Amino acid sequence: MVPPSYYVLLSALIFAIGLYGVLTRRNAVVILMCVELMLNAANLNIVAFAAYLGDVTGQILVLFALAIAAAEVAVGLGIFILVYREYGTVDVTLPRGMRW
Amino acid sequence: MVELGFQQADLLPLAPEIAILGSALLILLIDSFSRGKHGKAAVAIAAASVAAAFAASLALYGTTAEAFGGTFVVDGFSLFFNVAILLVTALVVVSSLDYLEEFYPEGADELTEYVVLLLFATAGMMLMASSRSLVTAFIALELAALPSYALVAFAKRNRASIEGGMKYFVLGALSSAFLLYGISLVYGATGAFDFVAIADAIAAGDVEPGVLSLGSLLVLFGLAFKVAAVPFHVWAPDAYTGAPTTIAAFVSSASKIAGFVLLFRLFTTAFPAEVDWVYAAIVLSVVTMTYGNFAAAVQDSVKRMLAYSSIAHAGYALIAVAVFSAEATGDSAFALGAGMSHLLVYGLMNTGAFLVVALVDDYYGAGYTFEDYAGLGRKMPAVGLAMAVFMLSLAGLPTGGGFVSKLVLFAGAVNSGFWWLALLGGVNSALSLYYYTRVLKWMWVEEAPEDQVELDRKPLALYASILFAAVATVALLFAFAPVIETATAAAEALLE
């Protein structure tokens, strides 16, 4: 059996890649994909721990987390369509009407 | 082994949440047969279900029950916050009736969608209050968050609303990822999602301390985002300013309250003082209230000032988190109870203040700067008086419950040896008086300009909500004793 520390390292790496993408990308859809990567890193962690602990609860949470991520994408893309209609692009740095 | 399936006994304690969810589904069903025709009926159903949930929460008071294998627990603590969240929802639902028709004529057809999203978010917040497992907590939090993103961006042709919604969504999704990653680490360290089981595992010493600390810190970050604590607040001013003002009232009050409930329960039940995160709470509290107050002081827009003021209030409530987590010699149940009461009072006065902005700025179109409020107090004395109550009570003067709730909050901190935290809070409150009274100066002292907009229309529902919030805020000044006693009793039961 692969020891859980391998999975934890892999998921930490995926999480870091996702975070890097969120911080550097300007396209809202790419940022959303990077957030999904971070969520899936967490899911991978949970599944690995659940298998290691022989506990089914973790796997159930992952199923819910996947469904929630899908709902999040639906809401997010809806908002991005509104942004696209107003600004003609989904660059997150462009809407800056509110500054103080 | 957890029994599969559930029984009637599981459903009864969650009656308030089920009433809200059921009515939301009912409104959706009606709407799917007659598209966009029954906006007012939807508001009526929503108001009735909020009233029913409110009554059910009060009726359940005093019972303690677990549901669904202990993943939900209904106790005095969760019911107290149910009441606070439902009060805010009721004010917002009722005032939306006038607001949406006037300010977003093109959105009037979508009144049903608006109401349904509000109800789903409310149900999510109430479930956050009763969750006692990281699984249900995460799902409830998302149930509260997803409709909130859509509601902030609800004014589809308004650039500010879209911008606020986008920022809220992107940062909210990011914080969910942090939260879920934190949950995964806590699960890996303790092998449990249930708050009590996590505490047991920590007490047994059978955990990886590094993984657990990192996990609980990430969970704290995720929730700090929810309550808009500095430095996780960057979305809040824009989301509150851009959102339709009734939604700004809802998100800045109810959503913040729900975030604090989860924070309180998680860090009292699951992560007791073994996990040393009290310094994180102290730093968050000090930075949040100071930054919120200074940023509020330099705003031109009343709505944006209120947005920063709500950040400052998150800082005050975080004092309670810092105090009960320090396990100091004092009475930590009292400190937690004080935090709970402050959130209840804050919900009323903050919602009321935002509704006044909804009336003046959006409904009458008088404008959003302080100057635009000139002379409004004498033209609409009832609203002017209500605003005076909200502003002075938010600042902590004895015109409303805000005075006593801040007093007990600081007293709880002093009791537990955090006198300097209370002192900082007091200094911050004194600072906040500057920008709160600035609104009142423009409303009551300054003369109205010649070309001021007509104020002849009287939106009954919006007026009623504002006046109800004002009367309740004043009443809490005199009837605060039962509130703080109930809250402290609930906190004691939680801390046992």
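The values are calculated or read from the model by the stated rules, or taken from the named source; none is laboratory data. Please read all numbers here as calculations on a predicted model, not as lab measurements. Heads up, the Cβs are rebuilt from the backbone with ideal geometry, glycines too, and the neighbour counts pull from every protein chain shown. Accessible surface areas use protein heavy atoms only, side chains included; no ligands, DNA or RNA. Shrake-Rupley method; radii C 1.70, N 1.55, O 1.52, S 1.80 Å.
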**Net length gained if the chain between B:Phe33 and B:Glu485 were fully extended (0.36 nm per residue, minus Cα distance)** = 157.9 nm
**Item:** Cβ-Cβ FRET estimate between B:Ala475 and B:Leu214, R0 fixed at 51 Å, reported to 0.05
**Value:** 0.65
**Fill in**
With the dipole of chain B defined by +1 on each Lys or Arg Cβ and -1 on each Asp or Glu Cβ, the option from B:Leu28, B:Leu100, B:Ala338 whose Cα lies farthest towards the positive pole is B:Leu100
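Could you state, as a whole-number percent, how many of the C-alpha pairs of segment B:148-246 are farther apart than 17 Å?
Roughly 57 percent, rounded to a whole number.
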**Prompt:** For the pair B:Leu11 and B:Glu454, what calculated FRET efficiency results from E = 1/(1 + (r/R0)^6), where r is the Cβ-Cβ distance and R0 = 60 Å, to the nearest 0.05?
**Reply:** 0.70
**Asked** Which number do you get for Rg(Cα) / (2.2 N^0.38 Å) in segment B:280-363?
**Response** 1.26
**Request:** Could you check how much of the accessible area of chain B is carbon and sulfur, as a whole percent, using a 1.4 Å probe?
**Result:** 67
**Asked** Any idea what % of Cα-Cα pairs in segment B:363-442 are farther than 21 Å?
**Response** 39
**Fill in**
Cα convex hull volume per residue for the protein assembly as shown, in Å³, equals 139
**Fill in**
For B:Arg132, other-chain or 5+-apart residues with amide H closer than 5 Å (H placed, Pro excluded) are B:Phe72, B:Val73
**Asked** Can you work out ³J(HN,Hα) from phi for every residue in segment B:163-180, in order, using Karplus 6.51 cos²θ - 1.76 cosθ + 1.60 and θ = phi - 60°, giving whole Hz and x for Gly and Pro?
**Response** 4, x, x, 5, 5, 4, 5, 4, 6, x, 5, 4, 5, 4, 5, 4, 4, 5
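Counting other Cβ atoms within 10 Å of each Cβ, which trypsin sites (Lys or Arg not before Pro) in segment B:105-183 have at most 13 and sit in a DSSP loop?
On the way: sites: B:Arg132, B:Lys156, B:Arg157, B:Arg159, B:Lys167; in loops: B:Arg132, B:Lys156, B:Arg157.
Those satisfying the criteria are B:Arg157.
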**Asked** What is the diffusion coefficient of chain B in µm²/s, taking the Kirkwood radius over Cα pairs and the Stokes-Einstein relation at 4 °C with a viscosity of 1.567 mPa s?
**Response** 58
**Message:** Show me the trypsin sites (Lys or Arg not before Pro) within segment B:33-81 that DSSP assigns to loop and that have at most 14 other Cβ atoms within 10 Å of their Cβ.
**Reply:** B:Arg35, B:Lys37
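Which value, in debye to the nearest 20, describes the size of the charge dipole of chain B about its Cα centre when Lys and Arg Cβ atoms bear +1, Asp and Glu Cβ atoms bear -1, and nothing else is charged?
Taking the Cα centre of chain B as origin, the dipole is about 660 debye.
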**Item:** Interface area, A with B, accessible, probe 1.4 Å, both sides summed, Å² nearest 100
**Value:** 3800
**Request:** Distance check, please: which entries in B:Lys156/B:Lys226; B:Lys226/B:Lys303; B:Lys37/B:Lys379; B:Lys167/B:Lys458 exceed 31 angstrom between their Cα atoms?
**Result:** B:Lys37/B:Lys379; B:Lys167/B:Lys458
**Fill in**
Toy charge model, Lys and Arg Cβ at +1, Asp and Glu Cβ at -1: segment A:4-92 dipole around Cα centroid in debye, rounded to 20, equals 160
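Would you please classify the overall shape of segment A:4-92 from the alpha carbon gyration tensor, given that a ≥ b ≥ c denote the square roots of the eigenvalues, rounded means a/c under 1.5, and beyond that prolate means a/b larger than b/c while oblate covers the rest?
Working: a/c = 7.21, a/b = 1.91, b/c = 3.77.
Note, shape of segment A:4-92 comes out oblate.
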**Asked** For the residue pair B:Tyr279 and B:Arg157, what label-to-label distance in nm results when each label sits 7 Å from Cα along the Cα-to-beta-carbon direction?
**Response** 5.5
**Fill in**
Rounded to the nearest 0.05, FRET efficiency between B:Lys40 and B:Val414 (Cβ-Cβ, R0 56 Å) equals 0.65
